[in-house]
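Step one of this worksheet: look at the structure below.
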Amino acid sequence: MVVLSQVLGGIAMLALFLGYQQRKRKKLLIYKLIADVGWVAHYCLLGGYGGAIPNFVGIFRELIFIQRGKSKWASHIIWLPTFLIINFALGLFTFSSIYNVIPIVSSAFVTVSLWIKNPKHIKLLILPATIGFLVYNCILHSLVGVINEVSGIVSILIFLIRGGKIMKNKDIFTEDVFTNLPLLTAEGKPILVKSATLCYDQNSKSAKGEAFSNEIEEKFVSDFEKPNDKMAHVSTFAVIDDTVYMTYYANTVTPDENPLNQTARLVYAPIDNIENKTYLDVQATGDSLCGKTVEMVYDTIFMQKDERTIYVLWTARVGNNYYRLYRTFDTKTKTLGEIGVNKFKVNDTVNDFSTSGIKSALAQNRIPIKNTYSDIGIMQKTSGREENGVFYYYSGAYSGDFNCIIKSSDLVCWEYVSQPDFVNDSKWENATYLLGDKCYYFVRQQEGNKYGFLSAYNLSTNTWDTPVEIEDCQSRSDFIYYKDNLYLFHAPIDREHIGVVKIDVNDISKSKPLFCAKMKTSCFYPFVQYYKDELAMSYTVQRQHIRLAKFDLEKYL
């Protein structure tokens, strides 16, 4: 019996050691379940019923806790106090010595630890429990038990030390909040009610447009793609301390826009030596992330948090799910931080900013969502305001036909704000800009529709303005606030034209197209930003060049 008890204890010990090395909560629970079965048999054969009881209770505890997040019944908070009460009740019923209290109390620590979701926090709470069981096994003269607890303590310490030093192996993904509520869907249809339709007349397509096109050509700053890139697309830029920073995604293998071969990239160069560029690959398809392969890389942007910190954000498909990932970049030390996952928050529901996370959070809060497909994205232009003492950055998010306004106080966790409440035919990127209590909103629509639409969401009244249709070829657009006025840059005819609309912030139906320019080259996805005291525009040329050029908007007003 003694030999058999030691063999079963050895099996349980191995299971626990392996369990403490797991970075996934479910795997840790499975190993813990195996260990509990082994320890029940071990202690019963030695007559140590005080040790057998908490492990016996643990078998049922793990069977239920494994289902947490999958089944609503297993996710109910009632299970935590239930197992704590059962544990102490059985301990009291079989009480024979003051020493019996040690495994009962230790098991309570284990129960609480296994209820929480963070594997690191689980191990931190299990550590005092392991020390308690070590004392109990010494009293019981269980050699294998003593060895087990010592190895368990060592295993936990190894995990914690390793996890702190090798962050690249840390599992950054979290499970979506469980919901059994069905996903509500919203149908996309052409706009039925509009307040105006704006088109460019011949005058707006002549002199001013030609002058703008010439100026963009003459004030060329530089191209930012890497010399060996086969394809490059979607730019974001900013000037910080006399240095230009630019992000985009590039295909280094083939000349097409193919996420199977793409790399998210950050480039920077001093203004006075613009051709002296430094290229940093943020992430590439095929990279390993938390033990998983990055299957695709897509839309890449960046946002400035403060005078020395920017956040590079991009889309990656991992485990057949699209995620928004981020890395910080210190403009002083010129170093990239570790990779993290953006969060998507709807009321009290917080998930990873992923395809599944968006759907789960909206379903849980009974908010309808239009058809989503392919990748997910966040728009690069931010605007903001202070709310209850906290500054919030506002932007737009999209996936397929679904588009919404989002906000964030830290550029990591993004909160759902609203989406247009009227019937529309939206698709992909939505430009936003917050002024006061109103968030101005322009989005492209389905191919074949001749118009994008402009609206504004009032944060005080939670209402949307009646939309204005604007002639558009269905491409990405951008707002810029310049000399106390708001302007929209977009592609009204095709991606070789740039159109500019002056937005009437008091009555969007009175907004006016200023000019339409036939560019010297293709001009995909214009992004307009301040270049010191001037304005500049970054854009894609035939998905081959990431180009930056300055211009003086005042000339055309």
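The values are calculated or read from the model by the stated rules, or taken from the named source; none is laboratory data. Nothing here was measured: the structure is a model prediction, and the numbers come from that model. Cβ placement follows ideal geometry from the backbone for every residue including glycine, while neighbour counts extend to all protein chains displayed. Heads up: the accessible areas ignore ligands, DNA and RNA and are worked out on the full protein's heavy atoms, side chains in. Shrake-Rupley method; radii C 1.70, N 1.55, O 1.52, S 1.80 Å.
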Self-check item: Pair list, Cβ under 9 Å, 6 or more apart: the range 321-332 residue among the charged types (D, E, K, R), other residue outside any strand (DSSP E or B) and open to solvent by less than 30 Å² (accessible area, probe 1.4 Å)
Solution: ARG324/ASN342; ARG324/PHE353; ARG324/ILE376; ARG327/GLY337; ASP330/GLY337
Exercise. Only one of these is modelled with pLDDT under 95, open to solvent by 60 Å² or more (accessible area, probe 1.4 Å) and farther than 30 Å from THR466 by Cβ: ASP241, ASP171, ASP201. Name it.
Key: ASP241
Practice problem: Taking only the range 393-420 into account, find how many residues are open to solvent by 10 Å² or more (accessible area, probe 1.4 Å) and touching a Ser or Thr at 6+ places or on another chain (Cβ under 8 Å). | Solution: 5
Quiz prompt | Residue tally, condition open to solvent by less than 50 Å² (accessible area, probe 1.4 Å) and more than 16 Å from GLN419 (Cβ to Cβ), over the range 373-392 | solution = 8
Practice problem: Among what's in the range 455-514 and is part of a strand (DSSP E or B) and of a type in the set (Asp, Glu), pick the residue that is surrounded by the most Cβ atoms within 10 Å (Cβ to Cβ). | Solution: ASP478
Practice problem: Kindly check whether there is at least one residue in the range 313-330 that is at pLDDT below 95 and at negative phi. | Solution: no
Quiz prompt | Residue count for the range 341-372, restricted to those that are in contact with a Leu (Cβ under 7 Å, 6 or more places away or on another chain), outside any loop (DSSP other than H, G, I, E, B) and either open to solvent by 10 Å² or more (accessible area, probe 1.4 Å) or under 19 Å from LYS292 (Cα atoms) (or both) | solution = 3
